[in-house]
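Inspection log for the structure reproduced underneath, given as structure tokens.
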């Protein structure tokens, strides 16, 4: 839609499509400078939160698993090296139970951490996707 108005002093032409084209070009140029750093920061924050959730659960799971294996090994040592069968079997079974509980413990901690940080991660991912 073009509209031309003429007066004794001046004349101008208005074109909606021209202003839309200019606006889109300006937004495109502007987005190259503003969104880039914001997206990088948001992506960095998103990755950091994801690592925070997963690394904590993995650290606890691995630590508990190592302790469980040491307990089982202690039971084996008691039974085999020191000939204390009953305490060795009890300690060894305790270690086996701890080993069996390691992965469910990891899953439980991961689930709790995901629930704790879900809102922040979803907010950041929505910001990046939009």
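Answer yes if at least one residue in segment 63-73 is under 24 Å from residue 48 (Cα atoms) and surrounded by fewer than 13 Cβ atoms within 10 Å (Cβ to Cβ), and no otherwise. Checking segment 63-73: at least one residue is under 24 Å from residue 48 (Cα atoms) and surrounded by fewer than 13 Cβ atoms within 10 Å (Cβ to Cβ). Please verify whether segment 86-102 includes one or more residues that are free of Cβ contacts under 8 Å to residues at least 12 places away in the same chain, under 34 Å from the mean Cα position of the chain (by Cα) and closer than 22 Å to residue 50 by Cβ. Checked against the condition, which is being free of Cβ contacts under 8 Å to residues at least 12 places away in the same chain, under 34 Å from the mean Cα position of the chain (by Cα) and closer than 22 Å to residue 50 by Cβ, segment 86-102 yields no hits at all.
No value in this document is a laboratory result; all are computed from the given coordinates. Since this is a predicted model, take the numbers as computed values, not measurements. Virtual Cβ from ideal backbone geometry, glycine too; neighbours counted across all protein chains shown.
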